[in-house]
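> Submitted below is the structure of interest, expressed as structure tokens.
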């Protein structure tokens, strides 16, 4: 097939443009989904409304975690099998992934709807923020089913050799959200409920485009009735291969649990109060997520290229891809770091004007918390790369090291010593240690490929 031949023979730069650019756009648009909500809510409702979106954000990350575990795992499995020309197994893997997505999306939506209010308390909702969080969250969790499906399905569409369709799916949803937010907030005056309706409507459109693709447009993997026979037996393997994606998102949820609650605790002891730190660092995390998603999109788009060539033992091509990914990712983070240090207010003002204390803490968030994000580029590329070559355990360990082993203890220890500022310094501490660990992991795999090439 043309897609298979291209992955093995075309120039790496050409393949990255074809696969990663649409993936980057898709991932950046996902980050902008939440940022657009915060921009319009901040200007139309106020910072308490933005605080509500930060409380619900972990639940959105949980939905993405499930979708990407199944979708990325399926994508890696399918491309590895295509690399060794096992077409039937690739088809059954794709079929199993779709069935798993449908089941998981419905189940998660029901569970989150039942436990929404206690979950809001768990993720740091204060009495002032809780009413906004419930209004926003009821609609968001009801739409979790389409959010899970759309994220997993887009990974599968890319794996099938159609990154542009995956991009168009996300783009269509984003446009709907972008139009819906100002319409529902400023014209219909529905407040945070309107922002949630716009978000879920966009996600539904993205899902429907993916459904249309699998029914009408499959390319490398042609799904037939026979593909679904016995495909459920593939699901455990698919989920295992998507472990890194799951752990990445679940680790974010765990960090947000501690972070939100510590911000409320130490913020209440400071001149900023409980709500300002919760909202300000939440906005900073959305900006950081935009950068991370750009790099994740870059790496995710490269997964089919890496998996196919690794499966074909074309290690020199794999090394070329890895080098290009690292250079691009590091450059993105370096430019962002310079911007945050020199002109932080240019970013803060986008999310609505506020009082001097809010602006003061927001500047500290951008300048301190994101100080060493250049080193995060190694972790982001490394996790995706290791998953692409079938080393899901190493990829998951790298993510766990940053979020669970380093960042959470750093917040607890530094928060106790330095108060609210200690929570911010946990960011660069985590970036430093995970950057070093990621470099070690990547060098080890590089040497393994070198030895294999010589045999």
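The values are calculated or read from the model by the stated rules, or taken from the named source; none is laboratory data. Quick caveat, the model's predicted, so the values are computed rather than measured. As a convention, Cβ positions derive from the backbone with ideal geometry for all residues, glycine included, and neighbour counts pool all protein chains shown.
> Out of 383, 431, 377, which single residue is modelled with pLDDT under 90 and in contact with a helix residue (DSSP H, G or I) (Cβ under 7 Å, 6 or more places away or on another chain)? So that I can check it myself, show each step before the final result.
Numbers: 431 fails: modelled with pLDDT under 90; 377 fails: modelled with pLDDT under 90.
Step by step, each of 383, 431, 377 is checked, and only 383 is modelled with pLDDT under 90 and in contact with a helix residue (DSSP H, G or I) (Cβ under 7 Å, 6 or more places away or on another chain).
> Continuing with the same structure: State whether the residues of region 170-177 include one that is touching a residue at least 60 places away in the same chain (Cβ under 8 Å), farther than 30 Å from residue 276 by Cα, touching a helix residue (DSSP H, G or I) at 6+ places or on another chain (Cβ under 8 Å) and surrounded by 21 or more Cβ atoms within 10 Å (Cβ to Cβ). Please lay out each step first, then the result.
Looking only at region 170-177, we keep the residues that are touching a residue at least 60 places away in the same chain (Cβ under 8 Å), and these are 170-171, 173-174, 177.
Now narrow it down to the ones that are farther than 30 Å from residue 276 by Cα: 170-171, 173.
Filter once more, keeping what is touching a helix residue (DSSP H, G or I) at 6+ places or on another chain (Cβ under 8 Å): 170-171, 173.
Applying the additional criterion that residues be surrounded by 21 or more Cβ atoms within 10 Å (Cβ to Cβ) yields 170, 173.
Checked against the condition, which is being touching a residue at least 60 places away in the same chain (Cβ under 8 Å), farther than 30 Å from residue 276 by Cα, touching a helix residue (DSSP H, G or I) at 6+ places or on another chain (Cβ under 8 Å) and surrounded by 21 or more Cβ atoms within 10 Å (Cβ to Cβ), region 170-177 yields at least one hit.
> All but one of (1) touching a helix residue (DSSP H, G or I) at 6+ places or on another chain (Cβ under 7 Å); (2) crowded, with 16+ Cβ neighbours inside 10 Å hold for residue 405; which doesn't?
For residue 405, the exception is condition (1).
> Among the candidates 180, 161, single out the residue that is touching a helix residue (DSSP H, G or I) at 6+ places or on another chain (Cβ under 7 Å), surrounded by 19 or more Cβ atoms within 10 Å (Cβ to Cβ), part of a loop (DSSP other than H, G, I, E, B) and touching a residue at least 12 places away in the same chain (Cβ under 8 Å). So that I can check it myself, show each step before the final result.
Details: 180 fails: part of a loop (DSSP other than H, G, I, E, B).
Answer to the selection: 161.
> What about residue 57, is it in a helix (DSSP H, G or I), under 13 Å from the mean Cα position of the chain (by Cα) and under 23 Å from residue 175 (Cα atoms)? Spell out how you get there, then give the answer.
Values: in a helix (DSSP H, G or I): yes; under 13 Å from the mean Cα position of the chain (by Cα): yes; under 23 Å from residue 175 (Cα atoms): yes.
Yes: the conditions hold for residue 57.
> Oh, and also: How many residues does region 416-428 contain that are more than 23 Å from residue 337 (Cα to Cα) and touching a helix residue (DSSP H, G or I) at 6+ places or on another chain (Cβ under 9 Å)? Show your work before the answer.
Restricting attention to region 416-428, the residues satisfying the condition of being more than 23 Å from residue 337 (Cα to Cα) are 416-419.
After this cut, where a residue has to be touching a helix residue (DSSP H, G or I) at 6+ places or on another chain (Cβ under 9 Å) as well, the list is 416, 418-419.
Qualifying residue count for the region: 3.
> Give me the residue from region 423-441 that is crowded, with 19+ Cβ neighbours inside 10 Å and either touching a residue at least 60 places away in the same chain (Cβ under 8 Å) or in contact with a strand residue (DSSP E or B) (Cβ under 6 Å, 6 or more places away or on another chain) (or both) and, out of that set, farthest from residue 412 (Cα to Cα).
Per the criteria, the residue is 438.
> Which residues, taken from region 169-194, are modelled with pLDDT of 90 or more and closer than 30 Å to residue 92 by Cβ?
Once the filter is applied, which keeps residues that are modelled with pLDDT of 90 or more and closer than 30 Å to residue 92 by Cβ, region 169-194 yields 169, 172, 173.
> Being surrounded by 20 or more Cβ atoms within 10 Å (Cβ to Cβ), modelled with pLDDT under 80 and over 20 Å from the mean Cα position of the chain (by Cα) is the filter here, so list the residues in region 4-45 that pass it.
Within region 4-45, just 7 meets the criteria.
> Let me ask something else. Using the structure shown, decide if residue 413 is touching a helix residue (DSSP H, G or I) at 6+ places or on another chain (Cβ under 8 Å), at pLDDT 95 or above and surrounded by fewer than 20 Cβ atoms within 10 Å (Cβ to Cβ).
Values: touching a helix residue (DSSP H, G or I) at 6+ places or on another chain (Cβ under 8 Å): yes; at pLDDT 95 or above: yes; surrounded by fewer than 20 Cβ atoms within 10 Å (Cβ to Cβ): yes.
Yes.
> With the requirement that a residue be within 30 Å of residue 75 (Cα to Cα) and either modelled with pLDDT under 95 or surrounded by 17 or more Cβ atoms within 10 Å (Cβ to Cβ) (or both), what does region 108-138 give you?
108, 109, 112
> Now, a different point. Please verify whether residue 390 is under 22 Å from the mean Cα position of the chain (by Cα), surrounded by fewer than 22 Cβ atoms within 10 Å (Cβ to Cβ) and closer than 22 Å to residue 294 by Cβ, treating the condition exactly as stated.
Values: under 22 Å from the mean Cα position of the chain (by Cα): yes; surrounded by fewer than 22 Cβ atoms within 10 Å (Cβ to Cβ): yes; closer than 22 Å to residue 294 by Cβ: no.
In short, no.
> So, one more: If we scan region 346-357, do we find a residue that is under 29 Å from residue 17 (Cα atoms), over 18 Å from the mean Cα position of the chain (by Cα) and part of a helix (DSSP H, G or I)? Give the steps one after another, and end with the answer.
Quick first cut of region 346-357, residues under 29 Å from residue 17 (Cα atoms) only: 347.
Now drop any that are not over 18 Å from the mean Cα position of the chain (by Cα), which leaves 347.
Still in the list and also part of a helix (DSSP H, G or I): 347.
Yes: one or more hits.
> Can you work out which of the residues in region 341-363 that are closer than 14 Å to residue 288 by Cα and in contact (Cβ under 8 Å) with a residue 40 or more places away in the chain is surrounded by the fewest Cβ atoms within 10 Å (Cβ to Cβ)?
In this case the residue turns out to be 347.
> Does residue 48 satisfy being modelled with pLDDT of 80 or more, part of a helix (DSSP H, G or I) and touching a helix residue (DSSP H, G or I) at 6+ places or on another chain (Cβ under 7 Å)?
yes
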